[in-house]
Amino acid sequence: MLARASDPALLLIAPTGGGKTLAGFLPTLVELADGQHKGLHTLYISPLKALAADIRRNLETPVEEMGLPIRIEDRTGDTSYTKKRRQRADPPHILLTTPESLALLTSYEDAPRIFAGLKRVVVDEIHALAENKRGDQLMLALAKLDSLCPGLRRVGLSATVEDPPALARFLARHPEPCAVLNADPGPAPDIQMLSTQAPPPWSGGGGAYAIEEVLEEVRKHRITLIFHNTRAQAEIFFHHLWMANSDGLPIGIHHGSLDRVQRERVEKAMVQGRLRAVVCTGSLDLGIDWGDVDLVIQVGAPKNVKRLVQRIGRANHRYNAPSKALLVPANRFEVVECVAALEAVKENDLDGDPRGPGPRDVLCQQILITACSGPFEATALFEEVRSAGPYAALTRAAFDECLDYVATGGYALRAYDQWQRLKQRHDGMWQLRDPRASQLIRMNIGTIQDSDTLKVRLKRGGGKPLGEVEEGFAASLTTGDTFLIGGRIVRYEGLRELTVEVSRDPGRKPKVAVFSGTKFATSTQLSHRVLRMFQQDSWPELPAHTAEWLTLQREVSRLPEPGRLLLESFPHDGRQHLVVYGFAGRNAMQTLGLLLTKRMEEEGLAPLGFVSTDYAVLIWGLEAVHDPAPLFGMEALRDGLDGWLAGNAVMKRTFRAAATIAGLINRNTPQARKSGRQATFSSDILYDTLLKYDPDHLLMRITREEAMRGLVDFGRIEEMAARVQGRIDHMRLDRITPLAAPLFLEVGKVPVEGEGRARLEALEAERLMREAGLSP
Amino acid sequence: MNGYDFSLSGARLTARASGTLWWAAEGLLCLSDMHLGKAERMARRGGAALPPYEIRDTLTRLEAEIEALSPATVLCLGDSFDDLAAADALSQAELDWLARLQAGRRWIWLEGNHDPGPIALGGTHLGELALGPLTFRHIAEPGAQGEISGHYHPKAGLRGAARPCFLLDDSRLILPAFGTYTGGLRSRDPVLAGLMQANARAILTGRRTQVLPMPR
């Protein structure tokens, strides 16, 4: 590191726990040792608030021991207002922060003074930031810092990734070079399936069947991290673990929806070695040094080989010992996925999709941020933006379009020009028309799209905060419902303002499932591995129960094949069902569900809804499908995309994200959110209006592009179609099949608004009216 | 266009799926809370420039109602404009459009909290209006009988997404908001739950009307 300390940009790739974070700071400590530097010297950016705080603690110790004259502080959304004010007036030598807090800092008029003297930027866990728009925003912020502090040096610290040069181009100031340093990857990990007495259930995602064996492993190790894919699963597992924990092992839970105080308590206990295990989610994915972790358990299929490798790296934070990890498939299907993932890890076959160009909604927000900090010149800003790796190929026309959108709204109908958001002065500089607008813009900086969440508090006992639940989940609760949060069962008492009030409930079994969480799509590569495994004559590498399950499926129906598309249809529980084994990943399967139900509605099959997983979509409706071929014409599906898909919920959700990032919709306003909400109207209305009157508006084009890559993921449907080439096998059966069974317990069912549902709604409303004695 | 027929204080009325109220015996079309000019008002206040198509969209839907029913009277229940300045900011084309809709019929603007004063537009401007057994006003008053009002933008749903709706009981009817850029207040909000009697119904608008016991 020291040898390359003067490089303008450097990417260091090391497995987790290689001490790379401290290595990143070495040049800083050397340069600051003489106590001559005034003001900010090094900025450290991490994707997690907790990581910033943790690194501060880890840095402070050696700095104090060596008696170095260096002031180190962190600054995140959790930092107090007073402290933030003071940091702006008198910045520390080393500031540890997040991309959002940095973007906010650059929006102040006094940004040049705050950052004066800045020499180095250390971007930690850059592989995680590069996965989404937070990375794009960060690179734009760094471009801005470059303009303020010429000669600024950048260092990126990354875990193992599949394409290091691409990450280096992302980090470096374009077109400057960026060397990649590869640290010794260390010994190969020791990774296996956990063998359990009970077989995994046919369906579900909890992993509860493995509780005893997991507890046994916890007893045998110093500290175990038990990873789950969703917060809900972590909650349920923790609850079961706690009930089975007869010898009272200290076990904690950690995920992003828990109250900060609770999370910090768990983090502290871990660092002090007071916990034997922590049940966690992606919130512990990143490089916090959690002490002596010697075992990682992954519950549920890992979905993505790269993420699995990074998680495994959490174990044995020591350099030359192999990381030890166990996989616990949550159901039979995941057994297959886990075995496929194990093989991929052994072959070091990492998956990943190439990054698209820098998204324009983030650029729109950057223009707003720039306007907050003062008048700007368009060409200078364009050059600055182009120096950011993700935006190196941005054209002037595309930039001008974003500027026009920010300034005027960018509509085909030029209305209220006198109320432009930005206006151009006589000297050509752009500025906010109304300087007071900067407050609103600053309140809405960031690209993280959390679904709206509500705080959960205990009604009595001083209103102790427990965490957050999604608004949609809260809306589904009625008084008396019990659910899990922070590993305990609580009873829903009511909604007060925007807080969910609960009381402790001594009951043993929560009545309502917990809130949903992030879902990742299984990578293309892992899906293909699973399909290939299905073709074997027998499965000696699989546990007997799973091999028998696949054999049974082969007997009563058939197994999906790589070059064909398997469909099954059967009646169940008074509804007709169709299962499509597309193996295209969760998002593409969801899109396929939307397109197919649209076609089915046209064919009079009265679909009611569907649910999708990574490998299949299950559609239910009032009428049976006898001839599926007409539903699957690629042309018809593509037409559906152009026409009908424009009006569906996935597009609206994508639009909502883009419109929020681009500043059309404000998540936060100075008027605190009130319970009534009659003032706000949904972003869906804006989407519908634009679709009708201005379908080529910038935000609509951004929405289409993003959706095709992201939530719609049409690329993977095309990939599926190319793989299948019209070879469709339709199995008409009289009952549910082994492979279809797990689909029935999936959460995230999508209703289809059409004739079928209208028929059912009329029936239900009639019944309610009758019961209420209101019928004529 | 379908609707839901009911009686209030002896008057036979129809709640239409579009969110308007039709009193066939009087040839009266009633609608509430158009909030015309909402986008302009937000832009004026330094917020984002929303798509400037909401006036066009609202008037298009109003025009369709007028064409379908040929009302002798159109009664706007207040908050027709998002504020008085928004009314002044209408373009000439929009003013002409309104004038066309008004031609040959009686047009009444009731005051709302957003537009509390006369507007420089044709038609009669009133605070409230009593007609036969019914009283029309912007905000419901407790204890009123035979009252038709707006203001709250009520919405409700059986499950999942809520739709704008009428709220109806033996004494009053509350209309949904007709404007394109209007949000809604769930019927189970204490304000609405307290205003409506125990046997109140919600009449959902949308593809077709759907009546159900008011969700509380």
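Would you please list the contacts, defined by Cβ atoms under 6 Å and residues six or more apart or on different chains, that run from a residue in region A:79-90 that is within 15 Å of A:LEU102 (Cα to Cα) to a residue that is surrounded by 10 or more Cβ atoms within 10 Å (Cβ to Cβ)?
From region A:79-90, the pairs are A:GLN87/A:ARG75; A:ARG88/A:ILE114.
Working only within region A:498-540, note down all residues that are polar (S, T, N, Q), modelled with pLDDT under 80 and loosely packed, with under 13 Cβ neighbours inside 10 Å.
Of everything in region A:498-540, just one residue is polar (S, T, N, Q), modelled with pLDDT under 80 and loosely packed, with under 13 Cβ neighbours inside 10 Å, namely A:THR518.
Answer yes if at least one residue in region B:60-81 is more than 18 Å from the chain's Cα centre (by Cα), of a type outside the set (A, V, I, L, M, F, W, C) and buried (at least 23 other Cβ atoms within 10 Å of the Cβ), and no otherwise.
Scanning region B:60-81, I find no residue that is more than 18 Å from the chain's Cα centre (by Cα), of a type outside the set (A, V, I, L, M, F, W, C) and buried (at least 23 other Cβ atoms within 10 Å of the Cβ), so the answer is no.
Taking region A:20-37, which residues are more than 17 Å from A:ARG154 (Cβ to Cβ) and in contact with a His (Cβ under 9 Å, 6 or more places away or on another chain)?
A:LEU32, A:HIS37
List the helices (runs of 4 or more DSSP H) that sit entirely inside region A:352-443 and contain at least 3 residues that are at pLDDT below 95, surrounded by 14 or more Cβ atoms within 10 Å (Cβ to Cβ) and within 14 Å of another protein chain (Cβ to nearest Cβ).
A:437-443
Conditions first: (1) more than 10 Å from chain B (Cβ to nearest Cβ); (2) over 23 Å from the mean Cα position of the chain (by Cα); (3) modelled with pLDDT of 85 or more. A:ARG704 passes all but one, so which condition is the exception?
Among (1) more than 10 Å from chain B (Cβ to nearest Cβ); (2) over 23 Å from the mean Cα position of the chain (by Cα); (3) modelled with pLDDT of 85 or more, A:ARG704 violates only (2).
Restricting the search to region B:161-201, which residues are modelled with pLDDT of 95 or more, under 22 Å from A:THR478 (Cβ atoms) and within 10 Å of another protein chain (Cβ to nearest Cβ)?
Hits for region B:161-201 are B:ALA200, B:ARG201.
Just to be sure, is B:GLY194 farther than 21 Å from B:GLY146 by Cα and either among the small types (Gly, Ala, Ser) or outside any loop (DSSP other than H, G, I, E, B) (or both)?
In short, no.
Do any residues in region B:53-67 that are closer than 19 Å to B:TRP23 by Cβ and within 13 Å of chain A (Cβ to nearest Cβ) have Cβ atoms under 7 Å from those of residues that are aromatic (Phe, Trp, Tyr) and in a helix (DSSP H, G or I), where the two are at least six apart or on different chains, and which pairs are they?
none
What helices (runs of 4 or more DSSP H) lie completely within region A:91-134 and have 2 or more residues being in contact with a Pro (Cβ under 6 Å, 6 or more places away or on another chain)?
A:126-129
Looking at region A:546-630, what strands (runs of 3 or more DSSP E) fall wholly within it and have at least 1 residues that are within 32 Å of the chain's Cα centre (by Cα) and more than 20 Å from A:ARG757 (Cα to Cα)?
Per the criteria, A:565-572, A:575-581.
What are the residues in region A:722-756 that are within 11 Å of chain B (Cβ to nearest Cβ) and touching a Pro at 6+ places or on another chain (Cβ under 6 Å), if any?
none
Would you call A:ASP404 among the charged types (D, E, K, R) and touching a His at 6+ places or on another chain (Cβ under 8 Å)?
no
Condition first: over 16 Å from A:ALA662 (Cβ atoms), in contact with a Gly (Cβ under 8 Å, 6 or more places away or on another chain) and assigned to a helix (DSSP H, G or I). Now tell me which residues in region A:687-717 satisfy that.
Those that are over 16 Å from A:ALA662 (Cβ atoms), in contact with a Gly (Cβ under 8 Å, 6 or more places away or on another chain) and assigned to a helix (DSSP H, G or I): A:ASP688, A:LEU691, A:MET708, A:ARG709, A:ARG716, A:ILE717.
Identify all residues within region B:68-99 that are of a type in the set (S, T, N, Q), part of a loop (DSSP other than H, G, I, E, B) and within 14 Å of chain A (Cβ to nearest Cβ); write none if there are none.
The one that is of a type in the set (S, T, N, Q), part of a loop (DSSP other than H, G, I, E, B) and within 14 Å of chain A (Cβ to nearest Cβ): B:SER91.
Looking at the structure I just gave you, is A:ALA388 within 17 Å of A:THR106 (Cα to Cα) and under 34 Å from the mean Cα position of the chain (by Cα)?
In short, yes.
Taking region B:151-197 only, how many residues are of a type in the set (S, T, N, Q) and over 17 Å from the mean Cα position of the chain (by Cα)?
Within region B:151-197, residues that are of a type in the set (S, T, N, Q) and over 17 Å from the mean Cα position of the chain (by Cα) number 2.
Just to be sure before I move on: is A:ARG759 without any contact (Cβ under 8 Å) to a residue 12 or more places away in the chain and within 14 Å of another protein chain (Cβ to nearest Cβ) in the structure I sent?
No: the conditions fail for A:ARG759.
Please list, ordered by residue number, the strands (runs of 3 or more DSSP E) wholly in region B:1-59 having 1 or more residues that are among the polar types (S, T, N, Q) and more than 24 Å from A:ILE665 (Cβ to Cβ).
Those strands (runs of 3 or more DSSP E) span B:3-8, B:11-16.
The values are calculated or read from the model by the stated rules, or taken from the named source; none is laboratory data. Just so you know, these numbers come straight off a predicted model, no measurement behind them. Positions of Cβ are backbone-derived with ideal geometry, glycine not excepted, and every protein chain shown enters the neighbour counts.
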